[in-house]
Amino acid sequence: DRDSSCAQIFESFNTNNPITCVVVSSFGNAIRLLECLNMTDLSCPEDVSIIAAGDLHLFHEGWAQISRVTCDRYTIGRWGAEMLLDKINNEGKPQPSRIYRGEITKGETTGPRKAK
């Protein structure tokens, strides 16, 4: 949940390996994490960058420029169907993996870390 995620991020800054970037599953989760960070002395993006996985352009443009990673849903669906059919048609044989690389759109929630 949001509070435990925020606590983990905050606590990591007391170690030699702080969390510096979080990829969340939606714009709503990004906003909730930003809210939580606002209750600490950590700031985005100076301490922690946040990237939302999603392509809701209207929401993105209507709020504070959240960085996002987008993907072509049609391509991913087509690949999934092809992989399922290959598995059915070649039962018992190992199936190759496919890697789809989304496109990152930089917004105001990602950037360089502040100097220590």
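The values are calculated or read from the model by the stated rules, or taken from the named source; none is laboratory data. Bear in mind the structure is a predicted one, so any value in this text is a computation, not a measurement. Cβ: placed from backbone, ideal geometry, glycine included. Neighbour counts: every protein chain shown. Heavy atoms of the whole protein, side chains included, go into the accessibility calculation; ligands, DNA and RNA do not. Shrake-Rupley method; radii C 1.70, N 1.55, O 1.52, S 1.80 Å.
Inside region 3-41, can you point out the residues that are touching a strand residue (DSSP E or B) at 6+ places or on another chain (Cβ under 7 Å) and of a type in the set (Gly, Ala, Ser)?
Of everything in region 3-41, those that are touching a strand residue (DSSP E or B) at 6+ places or on another chain (Cβ under 7 Å) and of a type in the set (Gly, Ala, Ser) turn out to be Ser25, Ser26, Ala30.
Please verify whether Ser12 is open to solvent by less than 60 Å² (accessible area, probe 1.4 Å) and at pLDDT 90 or above, treating the condition exactly as stated.
Considered against the rule, which asks whether it is open to solvent by less than 60 Å² (accessible area, probe 1.4 Å) and at pLDDT 90 or above, Ser12 comes out as yes.
Residues that are at pLDDT 85 or above and charged (D, E, K, R): which helices (runs of 4 or more DSSP H) entirely in region 23-92 hold 1 or more of them?
27-38, 73-89
Looking at (1) touching a helix residue (DSSP H, G or I) at 6+ places or on another chain (Cβ under 7 Å); (2) farther than 30 Å from Ser12 by Cα; (3) modelled with pLDDT of 85 or more, which is the one condition that is false for Arg98?
Of the numbered conditions (1) touching a helix residue (DSSP H, G or I) at 6+ places or on another chain (Cβ under 7 Å); (2) farther than 30 Å from Ser12 by Cα; (3) modelled with pLDDT of 85 or more, the odd one out for Arg98 is (3).
Restricting attention to region 29-53, which residues are open to solvent by 20 Å² or more (accessible area, probe 1.4 Å), touching a helix residue (DSSP H, G or I) at 6+ places or on another chain (Cβ under 9 Å) and of a type outside the set (A, V, I, L, M)?
Asn29, Arg32, Glu35, Thr40, Asp41, Ser43, Cys44
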